[in-house]
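Notes follow the structure.
Please treat every number below as a calculation from the coordinates, not as lab data. A quick note: this is a predicted structure, and the numbers were derived from the prediction, not measured. Don't worry about glycine lacking a Cβ; one is built from the backbone with ideal geometry, like all the others, and counts go over all protein chains shown.
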Amino acid sequence: MNRRLIRGLLVSAAVIGLAGATPAFAEGSWSSSMSGVLPGFESRRWSDNNTDATSTSVAFAGCWVHERTFRGATLIVWKDVFGPDESKGARTNSCNTTSWGDLAAGSYYFEVDGFTDCCYLNVDALTTRY
């Protein structure tokens, strides 16, 4: 075999090997922040096509409430359906990541149902994965 053919085969094998080693990522995600939030706040909606087995999760970082120490917020994930929306359960987020498991295909949002301190909730970094 000539050198060009061997080099071409080696490069092709390396590219195929790297493509096969690429980790699987969540179907989707979005990032934002929250400022001056009160109980009842609803996040933006997202569509989960359920093309993977990724758990739906909401991650908070940099959480604080006015003149108090943040201890936790109760979040509810809702499936947006015709008629009353379907609750997928409440979780307490203590400025960390909370998850709801692999949810069926549909449109979802989370609600800040309440938090352990008064006033307004602020979250510097928020990431939702699904």
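Packing, as the average of other Cβ atoms within 10 Å across residues, places the peptides 47-54, 118-125 in the order 118-125, 47-54, highest first. 3J(HN,Hα) along the range 90-97, derived from phi through the Karplus expression 6.51 cos²θ - 1.76 cosθ + 1.60 where θ = phi - 60°, amounts to 9, 9, 9, 9, 9, 6, 8, 10 Hz, with x in place of Gly and Pro.
Taking max minus min of the alpha-carbon positions on each principal axis, the range 27-129 gives extents of 43, 27, 18 Å, largest first. Can you give the net charge of the other residues whose Cβ lies under 14 Å from the Cβ of GLY72, counting K and R as +1 and D and E as -1? It works out to a net charge of +1.
Between ASP102 and THR56, the built amide H atoms are under 5 Å apart, and every one of these is 5 or more places off in sequence or on another chain.
Count Lys and Arg as plus one, Asp and Glu as minus one, and take only other residues whose Cβ is under 15 Å from that of PHE60; the net charge is then -1. Taking Cβ atoms as reference points and 10 Å as the exclusive limit, the residues near GLU27 contribute a net charge of -1, counting Lys and Arg as +1 and Asp and Glu as -1. Loop-located GluC sites (Glu not before Pro) in the range 33-114 (DSSP state other than H, G, I, E, B) with a sparse environment of at most 11 neighbouring Cβ atoms within 10 Å: GLU67. Taking chymotrypsin sites (Phe, Trp or Tyr not before Pro) across the range 34-75, none is in a DSSP loop with at most 10 further Cβ atoms lying within 10 angstrom of its Cβ.
Couplings 3J(HN,Hα) for the range 45-59, derived from phi with the Karplus relation 6.51 cos²θ - 1.76 cosθ + 1.60 (θ = phi - 60°), are 8, 9, 9, 10, 7, 6, 8, 9, 10, 6, 6, 6, 9, 10, 10 Hz, where x marks Gly and Pro.
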